[in-house]
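Enquirer: After the C-alpha coordinates below, expect a handful of questions from me.
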Amino acid sequence: MKLALFDDARLGVVSTGPGGSVVGATVVDVTGALPWVHDPDPLTAGWWRALCRDFEGLRPVLEKAAAEGPAVSLERVSLRAPVLAPSKIVAAASNYGEHVAEMHGVQERTLGRVEAWMMEFDVFLKAPSSIVGPGAEVVLPAEVVARGLEVHHESELVVVIGTGGRDIALDEAMGHVLGFTAGLDITVRSPADRSKRKSYDSFSPLGPWIVTRDEVGDGGDLDILLTCGGVVRQSVNTADLLSPVPQIVAYASSIMTLNPGDVVFTGAPPGVGPITAGETLDMRISRIGSMTVSVR
Ligand code: MN
(Lines give C-alpha, C1' and ligand atoms only; values in the text may rest on other atoms or scores of the structure.)
Protein backbone atom coordinates (compact mmCIF):
# COMPACT_ATOMS: atom_id res chain seq x y z
CA MET A 1 0.00 0.00 0.00
CA LYS A 2 1.20 3.49 -0.84
CA LEU A 3 0.35 5.91 1.99
CA ALA A 4 0.48 9.62 1.19
CA LEU A 5 -0.18 12.79 3.15
CA PHE A 6 -1.62 15.66 1.15
CA ASP A 7 -3.26 19.06 1.41
CA ASP A 8 -4.43 19.67 5.00
CA ALA A 9 -2.61 16.57 6.33
CA ARG A 10 -5.19 14.29 4.73
CA LEU A 11 -4.31 10.58 4.52
CA GLY A 12 -4.39 9.12 1.03
CA VAL A 13 -3.88 5.75 -0.59
CA VAL A 14 -2.10 6.12 -3.93
CA SER A 15 -2.48 3.98 -7.03
CA THR A 16 0.30 4.57 -9.53
CA GLY A 17 -0.14 4.45 -13.29
CA PRO A 18 1.23 1.76 -15.62
CA GLY A 19 4.70 0.60 -14.59
CA GLY A 20 4.53 2.54 -11.34
CA SER A 21 4.39 5.86 -13.19
CA VAL A 22 3.03 9.05 -11.66
CA VAL A 23 1.34 9.59 -15.04
CA GLY A 24 -2.18 8.40 -14.44
CA ALA A 25 -1.62 8.02 -10.71
CA THR A 26 -4.58 8.61 -8.42
CA VAL A 27 -5.18 9.08 -4.71
CA VAL A 28 -8.17 8.23 -2.54
CA ASP A 29 -8.73 10.29 0.63
CA VAL A 30 -9.16 7.66 3.36
CA THR A 31 -8.96 10.07 6.31
CA GLY A 32 -12.60 9.45 7.19
CA ALA A 33 -11.99 5.71 7.60
CA LEU A 34 -9.67 6.26 10.56
CA PRO A 35 -11.19 5.68 14.02
CA TRP A 36 -10.10 9.08 15.31
CA VAL A 37 -11.03 12.71 14.93
CA HIS A 38 -8.68 14.15 12.33
CA ASP A 39 -6.06 16.58 13.63
CA PRO A 40 -4.74 18.59 10.69
CA ASP A 41 -2.02 20.28 12.76
CA PRO A 42 1.27 18.76 11.55
CA LEU A 43 2.91 19.50 14.91
CA THR A 44 0.38 17.69 17.09
CA ALA A 45 -0.66 14.88 14.79
CA GLY A 46 -0.79 12.05 17.30
CA TRP A 47 -3.23 10.33 14.96
CA TRP A 48 -0.36 9.76 12.56
CA ARG A 49 1.84 8.05 15.15
CA ALA A 50 -1.14 5.91 16.18
CA LEU A 51 -1.61 4.95 12.53
CA CYS A 52 2.06 4.00 12.23
CA ARG A 53 1.84 1.91 15.40
CA ASP A 54 -1.47 0.20 14.60
CA PHE A 55 -1.23 0.04 10.81
CA GLU A 56 -1.67 -3.71 10.42
CA GLY A 57 -4.91 -3.61 12.41
CA LEU A 58 -6.16 -0.65 10.38
CA ARG A 59 -5.12 -2.03 7.00
CA PRO A 60 -8.51 -3.69 6.24
CA VAL A 61 -10.52 -0.48 6.73
CA LEU A 62 -7.98 1.51 4.72
CA GLU A 63 -8.07 -1.03 1.88
CA LYS A 64 -11.86 -0.95 1.88
CA ALA A 65 -11.97 2.84 1.82
CA ALA A 66 -9.33 2.94 -0.94
CA ALA A 67 -11.33 0.49 -3.05
CA GLU A 68 -14.57 2.43 -2.62
CA GLY A 69 -13.02 5.72 -3.73
CA PRO A 70 -13.51 8.26 -5.16
CA ALA A 71 -10.06 8.41 -6.73
CA VAL A 72 -8.74 11.77 -7.89
CA SER A 73 -5.72 12.53 -10.03
CA LEU A 74 -2.53 13.04 -8.04
CA GLU A 75 -2.08 16.25 -10.00
CA ARG A 76 -5.09 17.72 -8.17
CA VAL A 77 -3.59 17.41 -4.69
CA SER A 78 -0.50 18.82 -3.01
CA LEU A 79 1.66 16.06 -1.58
CA ARG A 80 3.30 16.73 1.78
CA ALA A 81 6.17 14.82 3.34
CA PRO A 82 4.75 11.35 4.13
CA VAL A 83 5.45 11.66 7.87
CA LEU A 84 4.15 13.99 10.59
CA ALA A 85 6.01 15.20 13.67
CA PRO A 86 8.38 12.24 14.08
CA SER A 87 9.99 12.15 17.53
CA LYS A 88 13.35 11.92 15.78
CA ILE A 89 15.23 11.38 12.56
CA VAL A 90 17.89 8.73 12.95
CA ALA A 91 20.48 8.60 10.19
CA ALA A 92 23.16 6.07 9.35
CA ALA A 93 26.67 7.23 8.49
CA SER A 94 29.36 5.50 6.42
CA ASN A 95 27.10 2.76 5.13
CA TYR A 96 28.33 2.23 1.53
CA GLY A 97 31.97 1.23 0.98
CA GLU A 98 32.47 3.43 -2.08
CA HIS A 99 31.06 6.42 -0.20
CA VAL A 100 33.41 5.88 2.73
CA ALA A 101 36.28 5.79 0.25
CA GLU A 102 35.22 9.02 -1.50
CA MET A 103 34.86 10.83 1.84
CA HIS A 104 38.63 10.80 2.32
CA GLY A 105 38.94 13.21 -0.60
CA VAL A 106 35.84 15.20 0.40
CA GLN A 107 37.15 15.68 3.95
CA GLU A 108 40.63 16.64 2.81
CA ARG A 109 39.06 19.27 0.53
CA THR A 110 36.45 20.65 2.94
CA LEU A 111 38.09 20.09 6.36
CA GLY A 112 41.77 20.01 5.47
CA ARG A 113 42.08 16.64 7.23
CA VAL A 114 40.45 13.21 7.51
CA GLU A 115 38.37 12.47 10.62
CA ALA A 116 38.74 8.73 11.20
CA TRP A 117 35.70 8.52 13.51
CA MET A 118 33.48 9.80 10.71
CA MET A 119 34.51 6.85 8.52
CA GLU A 120 32.91 4.31 10.88
CA PHE A 121 29.33 3.09 10.57
CA ASP A 122 27.17 4.65 13.23
CA VAL A 123 23.90 6.54 13.71
CA PHE A 124 23.31 10.22 14.47
CA LEU A 125 20.29 12.53 14.74
CA LYS A 126 18.83 15.21 12.45
CA ALA A 127 16.20 17.71 13.57
CA PRO A 128 12.66 16.67 12.54
CA SER A 129 11.97 20.34 11.74
CA SER A 130 14.26 19.95 8.71
CA ILE A 131 11.64 17.81 6.93
CA VAL A 132 9.93 19.16 3.80
CA GLY A 133 7.79 17.42 1.23
CA PRO A 134 8.36 16.29 -2.34
CA GLY A 135 8.47 19.24 -4.69
CA ALA A 136 9.76 21.53 -1.94
CA GLU A 137 12.71 23.88 -2.13
CA VAL A 138 15.99 23.22 -0.35
CA VAL A 139 17.07 26.63 0.93
CA LEU A 140 20.81 27.17 1.20
CA PRO A 141 21.41 29.13 4.43
CA ALA A 142 22.82 32.60 3.77
CA GLU A 143 25.60 32.25 6.35
CA VAL A 144 26.68 28.94 4.81
CA VAL A 145 26.76 30.43 1.31
CA ALA A 146 28.59 33.52 2.61
CA ARG A 147 31.32 31.32 4.11
CA GLY A 148 31.75 29.46 0.82
CA LEU A 149 30.98 26.08 2.41
CA GLU A 150 29.91 23.15 0.23
CA VAL A 151 26.36 21.85 0.72
CA HIS A 152 25.97 18.26 -0.51
CA HIS A 153 23.16 15.96 -1.64
CA GLU A 154 22.91 12.50 -0.10
CA SER A 155 20.07 10.50 -1.72
CA GLU A 156 18.97 7.76 0.63
CA LEU A 157 16.50 4.98 1.20
CA VAL A 158 14.44 6.03 4.23
CA VAL A 159 12.63 3.77 6.69
CA VAL A 160 9.52 4.82 8.61
CA ILE A 161 9.07 2.98 11.92
CA GLY A 162 5.75 1.29 12.59
CA THR A 163 5.66 -0.49 15.91
CA GLY A 164 8.46 1.08 17.89
CA GLY A 165 10.61 -0.57 20.45
CA ARG A 166 13.85 -0.82 22.38
CA ASP A 167 16.52 -3.50 21.93
CA ILE A 168 14.74 -4.89 18.87
CA ALA A 169 16.17 -8.27 17.83
CA LEU A 170 17.73 -8.45 14.38
CA ASP A 171 15.36 -11.17 13.17
CA GLU A 172 12.35 -9.16 14.36
CA ALA A 173 13.49 -5.78 13.05
CA MET A 174 11.43 -5.74 9.84
CA GLY A 175 8.28 -6.34 11.89
CA HIS A 176 8.86 -2.91 13.40
CA VAL A 177 9.05 -1.16 10.01
CA LEU A 178 5.94 0.45 8.52
CA GLY A 179 7.50 1.06 5.12
CA PHE A 180 9.91 3.01 2.97
CA THR A 181 10.20 6.37 1.26
CA ALA A 182 12.91 8.38 -0.47
CA GLY A 183 14.91 11.07 1.28
CA LEU A 184 17.63 13.62 0.73
CA ASP A 185 20.02 14.11 3.63
CA ILE A 186 21.25 17.59 2.73
CA THR A 187 24.58 18.24 4.42
CA VAL A 188 26.94 21.15 4.96
CA ARG A 189 30.60 20.10 4.79
CA SER A 190 32.32 21.89 7.66
CA PRO A 191 33.97 21.04 10.98
CA ALA A 192 30.66 21.53 12.84
CA ASP A 193 28.69 18.70 14.44
CA ARG A 194 26.56 16.56 12.12
CA SER A 195 23.45 17.52 14.09
CA LYS A 196 24.00 21.14 13.04
CA ARG A 197 25.26 20.58 9.51
CA LYS A 198 22.27 18.39 8.55
CA SER A 199 19.46 20.09 10.46
CA TYR A 200 18.85 23.42 8.71
CA ASP A 201 15.22 23.92 7.74
CA SER A 202 14.45 22.14 4.44
CA PHE A 203 17.48 19.83 4.71
CA SER A 204 15.39 16.64 4.83
CA PRO A 205 13.10 16.37 1.78
CA LEU A 206 10.99 13.19 1.99
CA GLY A 207 8.57 11.62 -0.45
CA PRO A 208 6.63 11.03 -2.49
CA TRP A 209 4.80 8.56 -0.20
CA ILE A 210 5.40 5.55 2.05
CA VAL A 211 5.36 2.14 0.38
CA THR A 212 4.51 -0.39 3.07
CA ARG A 213 7.04 -3.16 3.64
CA ASP A 214 4.81 -5.93 2.25
CA GLU A 215 5.53 -4.40 -1.20
CA VAL A 216 9.26 -3.81 -0.71
CA GLY A 217 10.52 -6.59 1.58
CA ASP A 218 13.57 -5.67 3.63
CA GLY A 219 14.63 -2.85 1.29
CA GLY A 220 17.77 -4.73 0.31
CA ASP A 221 17.34 -4.72 -3.49
CA LEU A 222 16.28 -1.22 -4.55
CA ASP A 223 17.86 1.07 -7.15
CA ILE A 224 18.50 4.64 -5.97
CA LEU A 225 19.06 7.24 -8.68
CA LEU A 226 19.74 10.96 -8.24
CA THR A 227 20.04 13.17 -11.31
CA CYS A 228 20.52 16.88 -11.78
CA GLY A 229 19.68 18.36 -15.17
CA GLY A 230 19.63 14.83 -16.58
CA VAL A 231 23.17 14.14 -15.33
CA VAL A 232 23.50 11.18 -12.96
CA ARG A 233 24.94 12.21 -9.59
CA GLN A 234 24.25 9.07 -7.55
CA SER A 235 23.27 5.58 -8.70
CA VAL A 236 23.41 2.57 -6.40
CA ASN A 237 21.56 -0.57 -5.38
CA THR A 238 20.74 -0.98 -1.70
CA ALA A 239 22.30 -4.46 -1.86
CA ASP A 240 25.55 -2.52 -1.34
CA LEU A 241 24.50 -1.27 2.12
CA LEU A 242 27.22 -2.32 4.58
CA SER A 243 24.62 -2.47 7.36
CA PRO A 244 21.27 -3.42 5.75
CA VAL A 245 17.96 -2.09 7.03
CA PRO A 246 17.33 -4.76 9.72
CA GLN A 247 20.80 -4.14 11.16
CA ILE A 248 20.28 -0.38 11.25
CA VAL A 249 16.92 -0.72 13.02
CA ALA A 250 18.25 -3.23 15.55
CA TYR A 251 21.38 -1.19 16.22
CA ALA A 252 19.56 2.14 16.55
CA SER A 253 17.06 0.56 18.96
CA SER A 254 19.93 -0.69 21.13
CA ILE A 255 20.77 2.98 21.74
CA MET A 256 17.39 4.72 21.83
CA THR A 257 13.76 3.67 21.89
CA LEU A 258 12.32 3.90 18.39
CA ASN A 259 8.85 5.44 18.41
CA PRO A 260 6.07 4.87 15.89
CA GLY A 261 6.56 7.25 12.97
CA ASP A 262 10.28 7.78 13.57
CA VAL A 263 12.32 8.27 10.40
CA VAL A 264 15.54 6.40 9.66
CA PHE A 265 17.89 7.47 6.84
CA THR A 266 19.98 4.48 5.75
CA GLY A 267 23.14 6.25 4.56
CA ALA A 268 24.60 8.10 1.58
CA PRO A 269 25.47 6.24 -1.61
CA PRO A 270 28.71 7.19 -3.40
CA GLY A 271 28.59 10.28 -5.56
CA VAL A 272 27.87 12.97 -2.96
CA GLY A 273 28.61 16.45 -4.25
CA PRO A 274 27.74 20.13 -4.05
CA ILE A 275 24.35 21.62 -4.84
CA THR A 276 23.93 25.22 -5.94
CA ALA A 277 21.00 27.62 -6.20
CA GLY A 278 18.91 27.15 -9.32
CA GLU A 279 19.54 23.42 -9.63
CA THR A 280 16.75 20.86 -9.72
CA LEU A 281 17.36 17.43 -8.20
CA ASP A 282 15.36 14.42 -9.33
CA MET A 283 15.47 11.47 -6.95
CA ARG A 284 13.90 8.09 -7.54
CA ILE A 285 13.96 4.68 -5.88
CA SER A 286 12.68 1.61 -7.69
CA ARG A 287 9.34 0.26 -6.37
CA ILE A 288 8.94 3.42 -4.27
CA GLY A 289 8.69 6.50 -6.48
CA SER A 290 10.31 9.79 -7.34
CA MET A 291 10.43 13.39 -6.19
CA THR A 292 11.82 16.60 -7.62
CA VAL A 293 13.42 19.21 -5.37
CA SER A 294 14.75 22.61 -6.37
CA VAL A 295 17.62 24.45 -4.69
CA ARG A 296 17.32 28.12 -3.70
MN1 MN B 1 23.36 10.78 5.06
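Enquirer: What is the spin-label model distance, in nm, from Glu137 to Glu120 if the labels are put 7 Å beyond Cα along the C-beta direction?
Expert: 4.1
Enquirer: Rg (Å, one decimal) plus Dmax (Å, integer) for the alpha carbons of the stretch 149-296?
Expert: Expressed in Å, the Cα Rg and Dmax of the stretch 149-296 come to 15.1, 45.
Enquirer: Let me ask something else. Which angle between 0 and 90 degrees, to the nearest 10, do you get for helix 97-110 versus the longest principal axis of the chain when only C-alpha atoms count?
Expert: The helix 97-110 is inclined about 50 degrees to the chain.
Enquirer: To the nearest 20 Debye, how big is the dipole of the chain about its Cα centre, given +1 on the beta carbon of each Lys and Arg and -1 on that of each Asp and Glu? Write down the numbers at each step before the final one.
Expert: On the way: 24 positive and 36 negative charges, 104 e Å.
Here the chain has a charge dipole of around 500 debye.
Enquirer: Once the Cα gyration tensor of the chain is diagonalised, what are the square roots of 5 times its eigenvalues, in whole Å and ordered largest first, as equivalent ellipsoid semi-axes? It would help to have the intermediate numbers written out before the result.
Expert: Details: eigenvalues 186, 90, 61 Å².
That gives 30, 21, 17 Å for the three semi-axes.
Enquirer: Please give the per residue accessible area of the stretch 1-132, computed with a probe of 1.4 Å over protein heavy atoms only, in Å². Numbers along the way, then the final one.
Expert: Details: 6200 Å² over 132 residues.
Per residue, the stretch 1-132 has an accessible area of 47 Å².
Enquirer: Which angle between 0 and 90 degrees, to the nearest 10, do you get for helix 245-255 versus the longest principal axis of the chain when only C-alpha atoms count?
Expert: Roughly 80 degrees, rounded to the nearest 10.
Enquirer: For the stretch 206-296, what does the relative contact order come out to in percent, with C-alpha contacts under 8 Å and a separation of six or more?
Expert: On the way: 119 pairs, mean separation 32.2, N = 91.
With pairs under 8 Å counted, the relative contact order is 35 percent.
Enquirer: Let me ask something else. Under a point spin-label approximation (7 Å from Cα along Cα-to-Cβ), what is the Ala192-Ser129 distance to one decimal in nm?
Expert: Each label point lies 7 Å from its Cα, and together they span 1.3 nm.
Enquirer: Can you give me the Cα centroid spacing of the stretch 97-139 and the stretch 25-79 in angstrom?
Expert: About 33 Å separates the Cα centre of the stretch 97-139 from the one of the stretch 25-79.
Enquirer: Still on this structure: Which whole-number percent is the relative contact order of the stretch 2-76 (Cα, under 8 Å, 6+ apart)? Each step should come with its number before you reach the end.
Expert: Details: 93 pairs, mean separation 23.3, N = 75.
In percent, rounded to a whole number, it is 31.
Enquirer: Another question, if that's okay. Suppose every Lys and Arg Cβ carries +1 and every Asp and Glu Cβ carries -1, with no other charges. What dipole size does the stretch 114-224 come out with about its Cα centre, to the nearest 20 debye?
Expert: On the way: 9 positive and 19 negative charges, 117 e Å.
In debye, rounded to 20, the stretch 114-224 gives about 560.
Enquirer: Among Ile255, Ala127, Gly175, whose Cα projects farthest towards the positive end of the dipole of the stretch 89-295, with charges put on the beta-carbon of Lys, Arg (+1) and Asp, Glu (-1)?
Expert: About the Cα centre, the residue reaching furthest to the positive side is Ala127.
Enquirer: A follow-up question, please. Work out, step by step, the length gained on full extension between Thr292 and Val61: first 0.36 nm times the residue separation, then minus their alpha carbon distance; give nm to one decimal.
Expert: My answer for the length gained is 80.0 nm.
Enquirer: Put a dot 7 Å past each Cα toward the Cβ at Asp167 and Asn237; how far apart are the dots in nm?
Expert: 3.7
Enquirer: In addition: With an 8 Å cut-off on Cα pairs and a minimum separation of 6 or more residues, tell me the relative contact order of the chain in percent. If you can, show how the numbers build up before the last one.
Expert: Numbers: 721 pairs, mean separation 70.5, N = 296.
Answer for the chain is 24 percent.
Enquirer: Which percent of the accessible area of the chain is formed by carbon and sulfur heavy atoms (probe 1.4 angstrom)?
Expert: Accessible surface attributable to carbon and sulfur in the chain totals 53 percent.
Enquirer: Before I look further, what does the stretch 151-287 give for accessible area per residue, probe 1.4 Å, in whole square angstrom? Could you put the intermediate results ahead of the total?
Expert: Numbers: 4370 Å² over 137 residues.
In whole numbers, the stretch 151-287 has 32 Å² accessible per residue.
Enquirer: Turning to a different aspect of this structure: At most 12 other Cβ atoms within 10 Å plus a DSSP loop assignment makes a site exposed; report the longest stretch of the chain without any exposed GluC sites (Glu not before Pro). The partial results should precede the final answer.
Expert: Working: sites that count: Glu115, Glu120.
With GluC sites (Glu not before Pro) excluded where exposed in loops, the chain gives 121-296 as its longest stretch.
Enquirer: Using the Cα centre as the reference, give the magnitude of the dipole from point charges on the C-beta atoms of the stretch 2-76 (Lys, Arg: +1; Asp, Glu: -1; all else neutral), rounded to the nearest 20 debye.
Expert: Numbers: 7 positive and 10 negative charges, 40 e Å.
Roughly 200 debye for the stretch 2-76.
The values are calculated or read from the model by the stated rules, or taken from the named source; none is laboratory data. Everything numeric here is computed off the predicted structure, so don't read it as measured data. Don't worry about glycine lacking a Cβ; one is built from the backbone with ideal geometry, like all the others, and counts go over all protein chains shown. These area figures cover heavy atoms from the full protein model, side chains too; ligands, DNA and RNA do not enter into them. Shrake-Rupley method; radii C 1.70, N 1.55, O 1.52, S 1.80 Å.
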